There are 2 protein chains.
Amino acid sequence: MPRARVLIRPKTGILDPQGEAVERALPALGFGGASDVRIGRLVELDLDDAADLDQMCERLLANPLIEDYEIELLDSVVS
Amino acid sequence: MPRARVLIRPKTGILDPQGEAVERALPALGFGGASDVRIGRLVELDLDDAADLDQMCERLLANPLIEDYEIELLDSVVS
């Protein structure tokens, strides 16, 4: 049963308050030089049939209005 | 300025209620055959110095008590 990984990110131009909060917090902890911080979700799952994964993302895992997703299969990138 | 990606996952054995909710929801949407669903966070950022990234994860990005993290630099895996 192949394992799949889905990387879900806020779309370009969509406000990312978590990312902004991290970007502001890092200098306060002494870490300089970080920019364009974006925070998304990571979904990993075992699948019988990876062909369903795109529909799973559209309908449940991601919000296609505000998020982009990228699907990776174990050792290979399909989309 | 290199871009880095951090994959943050609940540690093995740590309860993942989001993953369980997704695993239960998928069959209800007609998607069978998914198991061991785990949901974590994805952090992507530009960095002047990637040497700081491990400490950033330990101190801000992840909770090392309950989460594992994996650092990837653009086109190469460092940890």
Please give the net charge around B:MET1, taking every other residue with its beta carbon less than 10 angstrom from that of B:MET1, where Lys and Arg add +1 and Asp and Glu add -1.
-3
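Where Lys and Arg each count +1 and Asp and Glu each count -1, what net charge lies around B:LEU45 among other residues with Cβ under 9 Å from its Cβ?
Working: positive: A:ARG38, B:ARG3, B:ARG5; negative: A:GLU23, A:ASP36, B:GLU44, B:ASP46.
Net charge in that neighbourhood comes out at -1.
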Please give the FRET efficiency for A:MET1 paired with A:ALA25, using the beta carbon to beta carbon distance and R0 = 30 Å, rounded to the nearest 0.05.
0.15
What percent antiparallel are the DSSP beta bridges of chain A, to the nearest 5?
100
Relative contact order for chain B, counting Cα pairs under 8 Å that sit 6 or more residues apart, in percent
49
Scattering profile of the protein assembly as shown from the Debye formula, Cα beads only, expressed as log10 I(q)/I(0) at q = 0.18, 0.19, 0.21 Å⁻¹, is -1.15, -1.25, -1.43
Counting only protein heavy atoms with a 1.4 Å probe and every protein chain in place, the carbon and sulfur fraction of the accessible surface of the protein assembly as shown in whole percent equals 52
B:GLY30 neighbourhood, Cβ < 15 Å, K/R = +1, D/E = -1, net charge -4
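How many partner chain Cβ atoms sit within 10 Å of a residue's Cβ in peptide A:61-67, on average, as a whole number? Walk me through the numbers before you get to the answer.
Values: counts 5, 0, 0, 0, 0, 0, 0.
Per-residue shielding by partner chains comes out at 1.
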Per DSSP helix of 4 or more residues, -39500 (n - 2.57); summed, then divided by the residues of the protein assembly as shown. What does that give at 222 nm, rounded to the nearest 500?
-5500 deg cm²/dmol
Ignoring ligands, DNA and RNA, how much accessible area is buried between chains A and B, both sides summed, with a 1.4 Å probe, to the nearest 100 Å²?
3000
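Could you please tell me the mean projected area of the C-alpha convex hull for chain A, averaged over all directions and given in square nanometres to one decimal?
Numbers: hull surface 25.6 nm².
Here the figure is 6.4 nm², rounded to one decimal.
Evaluate E = 1/(1 + (r/R0)^6) for B:LEU60 and A:GLU72, where r is the Cβ-Cβ distance and R0 equals 22 Å; express this FRET efficiency to the nearest 0.05. Show your work: numbers first, answer last.
On the way: r = 26 Å, r/R0 = 1.17.
For B:LEU60 and A:GLU72, the calculated efficiency is 0.30.
Quick check for you: with a 1.4 Å probe and neighbouring chains kept, what is the accessible area per residue of the stretch B:3-77, in Å²? Before the final figure, lay out each step's value.
On the way: 3820 Å² over 75 residues.
It amounts to 51 Å² per residue over the stretch B:3-77.
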Folded to 0 to 90 degrees: helix A:17-28 orientation relative to chain A principal axis, Cα:
40
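The values are calculated or read from the model by the stated rules, or taken from the named source; none is laboratory data. Keep in mind the model is a prediction, meaning the values are calculated, not measured. Note that we place each Cβ from the backbone using ideal geometry, even for glycine, and neighbour counts take in every protein chain shown. Ligands, DNA and RNA are stripped out before the accessible areas are found, and what is left, the full protein with its side chains, is counted by its heavy atoms. Shrake-Rupley method; radii C 1.70, N 1.55, O 1.52, S 1.80 Å.
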